[in-house]
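Read the structure below first, then the notes.
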Amino acid sequence: MNTLRPEGLSYNASVKTLAEYLELAAVAHGHICAGQVLGVRLAMLGIRELGLDPIADRKRIVTYVEIDRCVTDAVALVANCRLGKRALKFRDWGKVAATFCDLQSGRAVRIAARESSKQAAKDLYPHLPKEEGQQKAYAQLPDDVLFSKEWVKVEIHSEDLPGFKGPRVVCAECGEGINFKREVEQNGRTLCRSCAGERYYTPR
């Protein structure tokens, strides 16, 4: 598999081959690794299943990723989804998986790396070092060997959509502004999540 073009669909020149995406991934991530190869393949499959062009159709695509590792950088690159554009969503589940959503059609497909893919890579290149063998294998093995695919339904609330414009409120405790309906009502007060007890940091 070296292209993103499914039969019967015409794409513009923005759609790239596997080799082209891997070159871009190496620059964006800082190096090429097995996770990058797997992530590129995963995203190419997801976007192809939706039948979308990640450049021409970028406003239609929202992607949920489930791990904060190398794979995610590659997925963001191929799907053309960015956190700052609100088109990339992170769920900290520790899984090599991503769900690609078409906002226009409502279709969504979740692609997950099979646990058996590592063994498949080892079987294909048993005499190579692990990293080198995985890089080569992940670029060559069929999609159904590397990934599971599931059509799913994703309910994306209006406040989570790219381009959402909503009221900005102020936390009654710290005075900081809160966007996108992330405030919490607690004992009659409007608080940010940090002041409501979800703080990930401790003041010094």
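Where Lys and Arg each count +1 and Asp and Glu each count -1, what net charge lies around GLN134 among other residues with Cβ under 11 Å from its Cβ? Display every interim value, and only then the final one.
Values: positive: LYS118, LYS122, LYS130, LYS136; negative: GLU131, GLU132.
After counting each charged neighbour, the total is +2.
Expressed in Å, the radius of gyration and Dmax of the Cα atoms of the range 18-156 are 14.3, 47. Taking the longest Cα principal axis of the chain as reference, the axis of helix 18-29 is set at about 40 degrees.
Count charges around ASP68 for me, please; just the other residues with Cβ under 14 Å from its Cβ, Lys/Arg as +1, Asp/Glu as -1.
Details: positive: ARG69, LYS89, ARG91, LYS95; negative: GLU66, ASP73, ASP92.
Taking every Cβ under 14 Å from that of ASP68, the sum is +1.
For a straight C-alpha distance cut-off of 22 angstrom, the lysines reachable from LYS165 (same-chain residues fewer than eight places away being disregarded) are LYS59, LYS85, LYS89, LYS181. For PHE147, neighbours were defined as the other residues whose beta-carbon sits under 9 Å from its Cβ, and their charges (Lys and Arg +1, Asp and Glu -1) total +1.
Restricting to Cα pairs below 8 Å that are 6+ residues apart, what does the relative contact order work out to for the chain? Please round to a whole percent. Don't skip to the answer; put the middle values down first.
Numbers: 348 pairs, mean separation 32.6, N = 204.
Here the relative contact order equals 16 percent.
Candidate cross-link partners of LYS122 among the lysines, defined by an alpha-carbon separation under 27 Å and a same-chain spacing of 8 or more, comprise LYS95, LYS130, LYS136, LYS149.
I'd like the distance separating the alpha-carbon centroids of the range 41-84 and the range 111-182, in whole Å. So the two Cα centres are separated by 8 Å.
Values in this text are rule-based calculations from the coordinates and carry no lab data. Values in this document were obtained by computation on a predicted structure and should not be read as measured data. All Cβ positions, glycine included, derive from the backbone under ideal geometry; neighbour counts span all protein chains shown.
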